[in-house]
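The structure appears below as structure tokens.
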Amino acid sequence: MVSKTRLVDQHVGELLSGLVDGELTQQQRQRVTLHCDQCDECRRSLAELRALRERVGKSNLSETGQDEWRETMHETTVKATRSIGWLLFITGIVAVTGVSLIGFIISSEISVGMKLILVAIYGGLAVLLYSVLRQRLIERKTDKYKDVEI
Ligand SMILES: [Zn+2]
């Protein structure tokens, strides 16, 4: 009982990554394994570390690999921010266009012919916007492919 308490009190946090990387001696490995059998906290940390290592992949274990990983994360953040910017921009345009369009269609001061012309103009704008968006999406896909290639 006393020895069990002592074991649990000495967390093996600093040895967990060593275990995952296979850098521990037989004795250290035994100590970590024994400790994790009794300590939920360290067992959870070990599981998290293993999941993380699996995600990063073996090739990224080196220091340069970790830099690449960080760069990829940074790039993802930049791309996500840009996507949010585009989304807000497009939502704004769609909202303004929609409100104006409804205003014109409801208005009784504008003739049906004029309304049709306005609908054509807005429809044309929508098609243009769609094609630009589509182009951007294709460009982004190509970028992603390039990243994988390098
Ligand atoms: Zn522990």
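The values are calculated or read from the model by the stated rules, or taken from the named source; none is laboratory data. Just so it is clear, the structure is predicted and the values come from calculations on it, not from any experiment. Reconstructed Cβ throughout: ideal geometry from the backbone, glycine too, with neighbour counts over all protein chains shown.
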field: Residue ranges of helices (runs of 4 or more DSSP H) in the range 22-135 with at least 3 members among the hydroxyl-bearing types (Ser, Thr, Tyr) and more than 16 Å from the ligand (Cβ to nearest atom)
entry: 63-106
- request: Give me the pairs, please: first residue somewhere in the range 43-71 and of a type in the set (Phe, Trp, Tyr), second residue anywhere and modelled with pLDDT of 70 or more and assigned to a helix (DSSP H, G or I), beta-carbon distance under 8 Å, and either six or more positions apart or on two chains.
  value: Trp69/Val56
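Okay, residues lined up against (1) within 21 Å of the chain's Cα centre (by Cα); (2) among the acidic types (Asp, Glu); (3) at pLDDT 85 or above:
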position	(1), (2), (3)
Met1	no, no, no
Val20	no, no, yes
Val32	no, no, yes
Ser45	no, no, yes
Ser62	no, no, no
Glu68	yes, yes, no
Leu101	no, no, no
- request: Within the range 10-31, work out how many residues are without any contact (Cβ under 8 Å) to a residue 12 or more places away in the chain and of a type in the set (Ser, Thr, Tyr).
  value: 1
